[in-house]
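K.L.:
The structure is given below, and queries will be raised subsequently.
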Amino acid sequence: MLQLSVLPAVAKLLSVSLERLLGGETEHTPRKRGPTSRLEQQIEVIIQLPKARQKMVTEMLDAVIAQAQQQETGSKRDDF
């Protein structure tokens, strides 16, 4: 199960609204043309994993996202 704190980042990576990601939008919205992205394929695989494995993956994602956000914040500070 994905942790709630990860959902906004996943929605952003998939270029969908958080509402759409959670299944709230029923209206068909246009998608990018072409094959499914690697990230979308990986998320589908993660969804099929046992809950313990999903938790491990989400914890790793949380750590990577937090590190990326810290680096982004740090690089913005360096611009000043």
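The values are calculated or read from the model by the stated rules, or taken from the named source; none is laboratory data. Remember, it's a predicted structure, so these values are computed and weren't measured experimentally. Positions of Cβ are backbone-derived with ideal geometry, glycine not excepted, and every protein chain shown enters the neighbour counts. Remember, those area values only see protein heavy atoms, side chains included, never the ligands or the DNA or RNA. Shrake-Rupley method; radii C 1.70, N 1.55, O 1.52, S 1.80 Å.
K.L.:
Output the residues belonging to the stretch 6-23 that are assigned to a helix (DSSP H, G or I) and open to solvent by less than 90 Å² (accessible area, probe 1.4 Å).
P.N.:
At the first step, the residues of the stretch 6-23 found to be assigned to a helix (DSSP H, G or I) are 6-14, 18-21.
Hits for the stretch 6-23 are Val6, Leu7, Pro8, Ala9, Val10, Ala11, Leu14, Leu18, Arg20, Leu21.
K.L.:
Follow-up. Between a first residue in the stretch 58-76 that is within 17 Å of Leu39 (Cα to Cα) and a second residue that is of a type in the set (Gly, Ala, Ser), which pairs have beta carbons less than 6 Å apart while being 6 or more apart in sequence or on different chains?
P.N.:
Going by the 6 Å Cβ cut-off, the qualifying pairs are Ile65/Ala9.
K.L.:
Output the residues belonging to the stretch 33-80 that are exposed (fewer than 10 other Cβ atoms within 10 Å of the Cβ), at pLDDT below 85 and not in a helix (DSSP H, G or I).
P.N.:
Passing the criteria: Arg33, Gly34, Pro35, Asp79, Phe80.
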